[in-house]
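Notes for the one structure printed next.
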Amino acid sequence: MGPGNLPKKLPMHPAYSVILFTTASGAGYGLLALLALTALTHGPASNWWFAASSLSVALALITSGLISSTFHLGHPERAWRAFAEWRSSWLSREGIAALLTYIPAVILSFVWLGIVRLPWLLMPAAAATLLLCVISVYCTAKIYSSLPTIRQWHHPLVEAGYLVLALATGSVLLVALANAFALHAPVLGRMAAASLLAATACKWFYWRQIDLAARTHTIEDATGLGSPGKVRQWEAPHTAENFVMKEMGYRIARKHARRLRQHVLAALFMAAATSLSSALVSGSLSIALSVIALLCSALAVLIERWLFFAEAQHVSTLYYGSPVA
């Protein structure tokens, strides 16, 4: 296959299981962290059904996200082996942190709901749950930001983006649940709006910086043949699709990426506006606005996470016709 036959587009399909995992578990951890913070500041649950429902939703989202993440593995039955590499692998650390989170979360649930009468356990269980939620989301982000071979991921705003989006989606969920149980708390709507605006700003700055960043890796660097002069690829490494082409070489059109980014920012802003509006009214109108905010934030995060994977370019694409990476 000569240079004229190099693929113009390397068709990657971002793994929907990973997208579901990062969005669902992020929202679940965000909600669980806020519930733990509520327990820390307000003590035992004042509304049993609200607390029980909110904890159930948070744990269900976390669990479904973790289960979906195994679908991307070639051998899901071997997932347990990842836990052994915690000294060097952020994936292993994420798995350990995720499992450890269940311990204080379950204790918190029983004590906060009054099922177990051990009030002295409430504060330490809530604090441990809050801390482990933050650590779990941070470890998820570090799986990607620790890879210097992918310029779009090796960026400090990746961790910030994961954390602030988890907080934003968790806040929106908390507002919707509180309104559903007629627990109108304007401070929750304002908190959700603030976190959503922070997420909007974070993503705007992130996209701007990765667009302006210099693409320093070239085919000369990849082959080590830069000293004699300019290197031109004569033949592609493979004549058929392989894993690298599918997973690491997708090229989304610039105009499509720009349009999708605009959709994300608009949806986040709409979610912030409706969350803030839900704090200013009450009754069924407040419930309707919080549901709209929830749908807008869910749409925004799903598109954002698809873009996060679709726009990533691995340096290995230099061997498949990319001039720079």
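The values are calculated or read from the model by the stated rules, or taken from the named source; none is laboratory data. Computed from a predicted structure; not experimentally measured. Don't worry about glycine lacking a Cβ; one is built from the backbone with ideal geometry, like all the others, and counts go over all protein chains shown. Areas reflect the complete protein model, heavy atoms only, side chains present, ligands, DNA and RNA absent. Shrake-Rupley method; radii C 1.70, N 1.55, O 1.52, S 1.80 Å.
Annotation note: of R258, R305, the sole residue that is charged (D, E, K, R), part of a helix (DSSP H, G or I) and buried (at least 17 other Cβ atoms within 10 Å of the Cβ) is R305. Here the condition is being among the hydrophobic types (A, V, I, L, M, F, W, C), over 21 Å from F205 (Cβ atoms) and part of a loop (DSSP other than H, G, I, E, B); of L177, L131, L183, it holds for L183 alone.
Every listed requirement among (1) at pLDDT below 80; (2) β-branched (V, I, T); (3) under 26 Å from V164 (Cβ atoms) is met by T70 save one, (3).
Of all residues assigned to the range 131-153, at least one qualifies as being open to solvent by 40 Å² or more (accessible area, probe 1.4 Å), in contact with a Ser or Thr (Cβ under 8 Å, 6 or more places away or on another chain) and more than 30 Å from A39 (Cβ to Cβ).
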